[in-house]
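These notes concern the structure reproduced below.
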Amino acid sequence: MRTLGGRYQLVNRIGLGGMSEVWRGHDQVLDRPVAVKIMAPAVEGTLGEVGVELVRAEARSAARLAHPNVAGVHDFGTSPAPGRDVPYIVMELVEGQTLSRHLAAGRLDWRIGVRICAEVAAALAAAHAEQVVHRDIKPANIMLTPAGAKVLDFGIAAAVGSPDPDPDGPVMGTPAYIAPERFEGMPATPATDMFALGTLIYHCISGRLPWSARTNTELVVAERFEDPEPLPHIDGLPPEVLDLCSRCLAKDPADRPTALVAALLLAEAVDARVYVPLADLEPDLQRAPAISPWDEAAASAPTSAAPRAAAPSRGGRHRAG
């Protein structure tokens, strides 16, 4: 059984993508199950040091996010191989099924879909607060667990406003969820993630994508120049959810809402609880809160041990003074 870093045993492969594969692993030091993401054999020998830096950047992006709807990162390392180092990321092992598997059976009940999207929006709010853009929000990167939705795979995440590594290469992401301005060379911003969230909301509650196309090229043209197809009537769906979905799919990035607004609105629509960055909710961080004189005195008092209580008499009675 292959072991990485002297502690992570690879048990069995549980996922395979274009550039990497994910293994169920066991951390021998802490005696716990983990997920280990490593370069796929077909590409690990072709990227060299660039590949190591890509994986390291992914680990750093995800490790900055401590949020219940983001899969946690535990460790990063490289494993020696003939003539090269193979990078790997050790992550929280998330048990469940991807949203894409659920959607393959048809649209979700709108209450379930809205709750999932509220949790994804909360995860994006946490990422955006750390100046990180995911760039590949889609059903395959969302795991549904008993504890809620978990956003996976920050493999192509980027700092807000950073240019693509290869401006002349293909736009990074999944065509159906890529914001139209990205095809015009604009950098990734939180608004690009919000377009993907709008597509996700639409997909969850209708069971299809906002635009119909036979090829990726037709899809890109439709996203850039056509309005999304009207959503079907859905009994009970609050109009504010429809309005939010429409605003997320706006052609102009400036017209899209923030992830924080989306998370709170979607959560309210289904009476759910989400965790969002508190700093974004405070209107004036410079103004110090008022402190009562008693609190000031208590805060400045020296720490000391409390005296022991007097022992009771043998008879168990005390005389009143």
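The values are calculated or read from the model by the stated rules, or taken from the named source; none is laboratory data. Keep in mind the model is a prediction, meaning the values are calculated, not measured. Neighbour counts run over all protein chains shown; Cβ positions are idealised from the backbone, glycine included.
Val276 meets all of the listed conditions (1) modelled with pLDDT under 95; (2) assigned to a helix (DSSP H, G or I) but one, namely (2). State whether one or more residues within the stretch 197-213 are part of a loop (DSSP other than H, G, I, E, B), hydrophobic (A, V, I, L, M, F, W, C), touching a residue at least 12 places away in the same chain (Cβ under 8 Å) and surrounded by 17 or more Cβ atoms within 10 Å (Cβ to Cβ). Scanning the stretch 197-213, I find at least one residue that is part of a loop (DSSP other than H, G, I, E, B), hydrophobic (A, V, I, L, M, F, W, C), touching a residue at least 12 places away in the same chain (Cβ under 8 Å) and surrounded by 17 or more Cβ atoms within 10 Å (Cβ to Cβ), so the answer is yes. Based on this model, can you work out whether Pro232 counts as surrounded by 17 or more Cβ atoms within 10 Å (Cβ to Cβ) and not in a helix (DSSP H, G or I)? Taking the combined requirement at face value, the residue does not satisfy it. Taking the stated definitions as given, is Asp271 outside any helix (DSSP H, G or I), farther than 30 Å from Val220 by Cα and at pLDDT 95 or above? So Asp271 passes the test.
Would you check if there is a residue in the stretch 61-70 being in a helix (DSSP H, G or I) and either surrounded by fewer than 18 Cβ atoms within 10 Å (Cβ to Cβ) or at pLDDT 85 or above (or both)?
yes
Checked against the criterion of being modelled with pLDDT of 90 or more, aliphatic (A, V, I, L, M) and touching an Asp or Glu at 6+ places or on another chain (Cβ under 6 Å), the candidates Val11, Val34, Val86 yield just one match: Val34.
Determine which single condition Arg256 fails, assuming it passes every other condition in (1) modelled with pLDDT of 95 or more; (2) charged (D, E, K, R); (3) outside the structural domain of Ser212 (by TED's automatic domain parsing). That leaves (3) as the condition not met. Checking each residue of the stretch 92-114 against the condition of being assigned to a helix (DSSP H, G or I), of a type outside the set (A, V, I, L, M), modelled with pLDDT of 90 or more and buried (at least 22 other Cβ atoms within 10 Å of the Cβ) gives at least one match.
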